Every structure is written in C-alpha cells, then in structure tokens.
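The values are calculated or read from the model by the stated rules, or taken from the named source; none is laboratory data. Note that the structure is predicted; figures quoted are calculated from it, not measured. Cβ coordinates were reconstructed from backbone atoms using ideal geometry, including for glycine residues, and neighbour counts include every protein chain displayed.
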Amino acid sequence: MIRNSTRRPHVIVIGAGLGGLCLAQGLRRAGISVAVYEQDSSANTRAQGHRLHIDGQGRQALAATLPPRLFGLIAAIAGRPAAKVNGFDHQLRPAGAFFLDDRECAGDLMPTHTVVDRPVLRRILLTGLDDIVHFGRRCIGYDSDTDTVTAQFADGGSARGSVLVAADGVGSVIRTQYLPHARVVDTRVRLIYSRVPLTPDLRRALPDAMVAVFNSVVGPDNRFVGVAPVQYRQPPVAAASQLAPEVAFEPAEDTLAVMFGRRLDQLELSDAELRAAPGQRLREMVLDNLSGWHPLVTRIVEGWTPASIHPIAVHSSVPLPPWPTSNVTLLGDAIHTMSPAAGAGANIALRDAAALTTALTEVTTGRPLHDALRDYEQAMIDEGFRMVRMSAANATQTLGADPLPI
Ligand SMILES: Cc1cc2nc3c(=O)[nH]c(=O)nc-3n(C[C@H](O)[C@H](O)[C@H](O)COP(=O)(O)OP(=O)(O)OC[C@H]3O[C@@H](n4cnc5c(N)ncnc54)[C@H](O)[C@@H]3O)c2cc1C
C-alpha cells in the first residue's frame with residue numbers, strides 16, 4: 001500500500017531508452033522532479049540503428065510530452081512514406097496491401113505515420129536533459145516501503161524517490177524483482193538486420209509502390225525480407241540548425257532498413273555462431289537463403305553495409321493479469337516486450353510514457369498517488385498486452401514463430 005501524502009513526487013526512472021526519456025521530458029515539462037539512470041556510459045555506447053515507424057499513438061505521445069520546438073523538429077525531418085504495408089511474394093509479385101489509418105487532425109504538424117532512425121529520435125529525446133539523465137549507472141535492484149523507494153546501483157550508490165519506474169527494457173531487473181512470475185519467451189525467430197544507403201540508382205530501381213511504411217516480402221518456408229525506406233524530409237543537421245540548434249545530430253543519410261527473418265532451426269548458424277559471425281558472413285548466409293528470389297531483393301541485400309549487419313533474437317512477454325499497485329511501476333519493453341512484427345513496441349512505450357506523465361501530473365493537483373498509478377497500470381496492461389498478442393500472431397503467421405504459451 002502506498003501512503004498518499006505526496007503531492008510533489010520525486011520520480012526515479014531506470015533506463016534512458018525511448019520510453020524513459022519520453023517520460024522524463026513529459027515530467028520535466030509538467031514541473032515534476034525526475035532523475036533517469038542509464039547503464040550505458042553514454043548515449044553512443046551501443047549502436048541502436050533501428051528505423052522506427054512512428055504511428056498515431058507515438059505521435060500523440062511525443063506531441064504531449066516534448067517541448068513544442070523539439071516536436072516541431074521531428075515533424076520537420078521525419079520521412080513520410082505512403083501509409084501502407086505492402087505484401088509481396090519472393091518474385092515481388094504483389095500479395096495484398098494493408099492500408100494504415102492516416103486520418104489527420106486539423107492543425108497537426110505531422111501526419112499519423114512517419115519514419116525516423118532510432119538514434120535520431122533518441123538524440124531529440126535527450127535534448128535538454130543533461131542534468132536529469134545519469135549515464136553509467138546500472139541498477140541492480142531496489143528496496144521500498146510505504147513512503148519511498150530506493151534504487152540500488154552496481155557502483156554501490158543509491159537513489160531515493162517516491163515512485164520508481166522500470167523503463168529498463170526487455171531484460172528489466174526491476175520487473176525480475178517486482179513481478180518474478182512475469183515471463184519473457186524466445187519466439188525462436190532470428191532477424192538479421194541491416195541497412196543500405198538509398199542512392200539515386202537504388203531509388204530508381206525501387207518501384208514507387210515500395211516507398212511505403214513497410215514492405216513484407218515472404219518466400220518459401222516462411223523466409224522473410226522486410227524493406228522499409230527512411231527518407232528524411234529535410235536533412236536533420238540542417239533542420240536542427242534552423243529549429244533547435246542545441247540538438248547535436250550526426251549527419252544522417254537516406255537509407256533502406258532491411259531485415260531478413262527465419263526460424264533459428266532453419267538457419268545454418270547457431271545463436272552463438274550468429275553472434276560471433278562478421279557482417280560479411282551473415283550477409284553470405286542470407287544471400288544463400290535468397291537463391292532464386294527477385295534480383296532487386298538480392299541486390300538490396302548485396303548492398304548491406306557490413307558494419308550495420310547484426311542478428312536479433314526475437315522475444316515476447318507473456319500477458320499476465322494485473323497486480324496490486326505500489327510505488328514501483330513499469331513501462332514499455334520492461335513489461336510488455338513484443339515481436340517487431342507489428343512495428344508497435346516503441347509507440348506503445350511512448351504511449352505509456354505520456355499516460356504516466358498525465359497520471360503523475362494529476363497527483364500534483366491532489367489525486368492520491370495509488371489511484372493515479374492504478375489507473376495508469378490498468379490501461380497500460382490492456383493496451384500493452386493487446387499489442388503483444390497482435391504482434392505474436394503476426395510473427396506466427398508470417399515467420400512461423402512459436403505461438404505465445406497459454
Ligand atoms: C528489429 C526491430 C525493429 C523494431 N521496429 C519498431 C518500429 O518500427 N516501431 C516501433 O514502435 N517499435 C519497433 N521496435 C520495438 C522498439 O525498439 C522497442 O519496443 C522500444 O525500444 C522499447 O522502448 P523502451 O524504452 O521500453 O526500452 P529500450 O529502448 O530497450 O530502453 C531500455 C533502456 O534501459 C537501459 N537499461 C537496461 N537495463 C538497465 C539497468 N539495469 N540499469 C540502467 N539502465 C538499464 C538500456 O541500456 C536502455 O537504454 C523494433 C524492435 C526491433 C528489435
């Protein structure tokens with residue numbers, strides 16, 4: 001049970017990923033005290049090169065939490081491909097298209113469906129949070145009582161607050177301690193993820209129909225290639241210099257994000273071999289799997305930048321019933337990690353962050369903390385696990401992923 005006396009919560013957030021940073025932006029904007037602790041030693045420690053499709057939920061969350069000038073910067077640079085997901089067979093014969101809901105609200109700066117690279121979005125989310133985000137602090141657990149919760153760190157230090165938020169992703173140490181019965185399962189699907197510079201030659205070779213949010217190319221035996229263009233509306237560096245000069249971007253080029261997917265038991269390399277293999281070896285393995293496919297698909301994979309090729313093991317959380325509310329809560333992948341097969345995980349993490357900002361803002365006007373967190377968790381559990389189920393069903397159908405256990 002939480003004591004409900006606090007109208008000025010101090011919020012401790014573990015994890016400076018997309019969800020944790022969006023929450024920090026929202027809380028700071030609402031005048032609520034917040035500190036974020038991130039295990040990586042800096043924002044650039046790990047390559048985080050995934051392209052992200054921002055949908056209506058993500059857009060709304062970013063608009064609600066970010067200072068308007070930073071949201072305006074995203075709107076100015078984010079790519080605006082056609083709002084649909086195309087299906088093709090391995091000879092690039094159309095196999096249906098799924099049109100995404102792209103209703104626009106009057107006055108909106110940004111359409112419902114856009115794309116950016118993750119490092120670009122993360123750089124924007126980090127802007128202005130230098131005094132709030134503490135890098136090189138790996139959380140190893142927490143202690144709590146009715147008034148406070150204290151996060152413990154690997155360096156021997158600790159941080160105390162009135163609420164602790166687990167935004168520490170799929171391997172969350174907070175979830176492991178708080179909800180030890182929550183399960184994350186291996187779907188047995190492996191993705192080899194990479195990118196190709198979208199040169200004028202490659203753009204000419206790409207049918208206009210493929211300039212869409214996502215292209216799903218499915219061949220025999222559930223072999224899968226996903227192709228997704230990232231074409232900036234304005235170069236991020238130039239847009240930042242006009243709109244928000246404090247945002248320090250690396251130069252970013254237009255690319256095609258490309259992933260190959262197959263079940264692990266159908267690949268010739270084991271997990272350990274996938275992790276150890278250099279990029280060229282992974283590309284070779286993928287090209288062997290694409291023998292006889294349409295020449296444009298093999299040309300795209302041949303163009304993969306070796307340093308950007310990496311394997312991903314696809315995991316999914318198993319939906320669980322609600323738990324009693326306390327002063328520890330969770331958001332994003334820490335509680336409802338999902339297969340990327342619906343392209344929704346980051347959007348739901350952003351949604352959670354905006355919803356938790358609203359809940360904690362209500363506390364500052366007198367709402368009991370327990371009630372605010374309970375209602376946040378109810379909606380977060382419903383929406384998060386709804387998307388977990390949908391993503392798992394997509395992955396089972398397209399890639400032959402193991403279905404979620406009952
Ligand atoms: C191939 C691929 C493609 C995807 N495409 C899309 C897409 O198009 N659209 C979409 O919506 N989603 C997509 N996703 C999903 C999306 O990437 C995740 O759902 C999203 O990043 C979750 O955000 P998060 O903030 O919850 O966690 P994360 O972004 O994983 O952040 C967690 C942070 O916590 C830190 N951390 C972990 N443990 C500790 C600790 N003990 N102490 C301190 N810090 C810690 C980590 O270093 C990390 O910075 C994709 C995923 C994959 C794998």
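Identify all residues within segment 58-75 that are crowded, with 20+ Cβ neighbours inside 10 Å and of a type in the set (S, T, N, Q); write none if there are none.
THR65
Tell me, which residue of segment 172-202 that is β-branched (Val, Ile, Thr) and more than 14 Å from the ligand (Cβ to nearest atom) is farthest from ILE300 (Cα to Cα)?
Going residue by residue through segment 172-202, those that are β-branched (Val, Ile, Thr) are 173-174, 176, 184-185, 187, 189, 192, 196, 199.
Checking the rest, the ones that are also more than 14 Å from the ligand (Cβ to nearest atom) come to 185, 196, 199.
Values: VAL185: 31, VAL196: 7, THR199: 11 Å.
Among them, the one singled out is VAL185.
Among the residues of segment 381-406, write down those that are aliphatic (A, V, I, L, M) and not in a helix (DSSP H, G or I). Let's see the steps before the verdict.
We begin by selecting, within segment 381-406, every residue aliphatic (A, V, I, L, M); these are 381, 387-388, 390, 392-393, 395, 399, 401, 404, 406.
ALA401, LEU404, ILE406, listed by residue number.
Considering only segment 322-337, state which residues are more than 7 Å from the ligand (Cβ to nearest atom) and touching a residue at least 24 places away in the same chain (Cβ under 8 Å). Steps first, please.
Taking segment 322-337 as the starting set, the residues that turn out to be more than 7 Å from the ligand (Cβ to nearest atom) are 322-330, 335-336.
Residues satisfying the conditions are PRO322, TRP323, THR325, SER326, ASN327, VAL328, THR329, LEU330, ILE335, HIS336.
Being in a loop (DSSP other than H, G, I, E, B) and of a type in the set (Gly, Ala, Ser) is the filter here; which residues of segment 290-309 pass it? Quick ask: steps written out before the conclusion?
First, pick out the residues of segment 290-309 that are in a loop (DSSP other than H, G, I, E, B): 290-294, 303-305, 309.
If the condition is that a residue be in a loop (DSSP other than H, G, I, E, B) and of a type in the set (Gly, Ala, Ser), then SER291, GLY292, GLY303 are the ones that fit.
Taking the condition of being among the small types (Gly, Ala, Ser), outside any strand (DSSP E or B) and crowded, with 24+ Cβ neighbours inside 10 Å, how many residues in segment 313-337 meet it?
Initial filter on segment 313-337 (among the small types (Gly, Ala, Ser)): 313, 316-317, 326, 332, 334.
Remaining after also requiring outside any strand (DSSP E or B): 326, 332, 334.
Narrowing further to those that are crowded, with 24+ Cβ neighbours inside 10 Å: 332, 334.
Residues meeting the conditions: 2.
Quick check on my filter: what residues within segment 209-223 are in a strand (DSSP E or B) and either among the β-branched types (Val, Ile, Thr) or away from the ligand (no atom under 16 Å from the Cβ) (or both)?
Quick first cut of segment 209-223, residues in a strand (DSSP E or B) only: 212-219, 223.
Correct list: VAL213, VAL217, VAL218, GLY219, ARG223.
Among the candidates ARG204, ARG281, ARG263, ARG233, single out the residue that is surrounded by fewer than 17 Cβ atoms within 10 Å (Cβ to Cβ) and touching a residue at least 24 places away in the same chain (Cβ under 8 Å). If you could, list the steps in order and put the result at the bottom.
Details: ARG204 fails: touching a residue at least 24 places away in the same chain (Cβ under 8 Å); ARG281 fails: touching a residue at least 24 places away in the same chain (Cβ under 8 Å); ARG263 fails: surrounded by fewer than 17 Cβ atoms within 10 Å (Cβ to Cβ).
Going through ARG204, ARG281, ARG263, ARG233 in turn, just one is surrounded by fewer than 17 Cβ atoms within 10 Å (Cβ to Cβ) and touching a residue at least 24 places away in the same chain (Cβ under 8 Å): ARG233.
Listed here are the residues, each with its yes/no results for (1) within 30 Å of ALA78 (Cα to Cα); (2) within 11 Å of the ligand (Cβ to nearest atom); (3) under 26 Å from the mean Cα position of the chain (by Cα).
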| position | (1), (2), (3) |
| --- | --- |
| ARG122 | yes, yes, yes |
| GLY128 | yes, no, yes |
| HIS134 | yes, yes, yes |
| GLY141 | no, yes, yes |
| ALA151 | no, yes, yes |
| ALA154 | no, yes, yes |
| GLY157 | no, no, no |
| ALA166 | yes, yes, yes |
| VAL170 | yes, yes, yes |
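Which numbered condition in (1) surrounded by 15 or more Cβ atoms within 10 Å (Cβ to Cβ); (2) over 22 Å from the mean Cα position of the chain (by Cα) is the only one that GLY96 fails?
Exception for GLY96: condition (1).
For segment 93-145, what are the residues that are touching a strand residue (DSSP E or B) at 6+ places or on another chain (Cβ under 7 Å), at pLDDT below 95 and of a type in the set (Lys, Arg)?
Within segment 93-145, ARG118 is the sole residue that qualifies.
Go through (1) in contact with a helix residue (DSSP H, G or I) (Cβ under 7 Å, 6 or more places away or on another chain); (2) assigned to a strand (DSSP E or B); (3) under 30 Å from ASP288 (Cβ atoms) and name the single condition VAL165 misses.
For VAL165, the failing item is (3).
Take ARG175 and decide whether it is in contact (Cβ under 8 Å) with a residue 60 or more places away in the chain, closer than 30 Å to LEU360 by Cβ, within 24 Å of the chain's Cα centre (by Cα) and surrounded by fewer than 17 Cβ atoms within 10 Å (Cβ to Cβ).
Details: in contact (Cβ under 8 Å) with a residue 60 or more places away in the chain: yes; closer than 30 Å to LEU360 by Cβ: yes; within 24 Å of the chain's Cα centre (by Cα): yes; surrounded by fewer than 17 Cβ atoms within 10 Å (Cβ to Cβ): no.
Judged against the criteria, ARG175 is not a match.
Test ASP352 against the criterion of being without any contact (Cβ under 8 Å) to a residue 12 or more places away in the chain, in a helix (DSSP H, G or I), within 29 Å of ARG190 (Cα to Cα) and acidic (Asp, Glu), and give yes or no.
So ASP352 fails the test.
Any idea which of (1) under 20 Å from VAL213 (Cβ atoms); (2) modelled with pLDDT of 95 or more is the one ARG389 doesn't satisfy?
(1) is the only condition that ARG389 fails.
On the basis of being surrounded by 20 or more Cβ atoms within 10 Å (Cβ to Cβ) and in contact with a helix residue (DSSP H, G or I) (Cβ under 6 Å, 6 or more places away or on another chain), does VAL297 make the cut? Walk me through it before giving the result.
Working: surrounded by 20 or more Cβ atoms within 10 Å (Cβ to Cβ): yes; in contact with a helix residue (DSSP H, G or I) (Cβ under 6 Å, 6 or more places away or on another chain): no.
It is false that VAL297 is surrounded by 20 or more Cβ atoms within 10 Å (Cβ to Cβ) and in contact with a helix residue (DSSP H, G or I) (Cβ under 6 Å, 6 or more places away or on another chain).
So that you can scan it fast, the table gives a plain yes or no per residue for (1) within 22 Å of the chain's Cα centre (by Cα); (2) surrounded by 20 or more Cβ atoms within 10 Å (Cβ to Cβ); (3) more than 28 Å from THR146 (Cβ to Cβ):
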{"residue": "ASP352", "(1), (2), (3)": "yes, yes, no"}
{"residue": "ARG367", "(1), (2), (3)": "no, no, no"}
{"residue": "HIS370", "(1), (2), (3)": "no, no, no"}
{"residue": "GLU377", "(1), (2), (3)": "yes, yes, no"}
{"residue": "ILE381", "(1), (2), (3)": "yes, no, no"}
{"residue": "ARG389", "(1), (2), (3)": "yes, no, yes"}
{"residue": "LEU404", "(1), (2), (3)": "yes, yes, yes"}
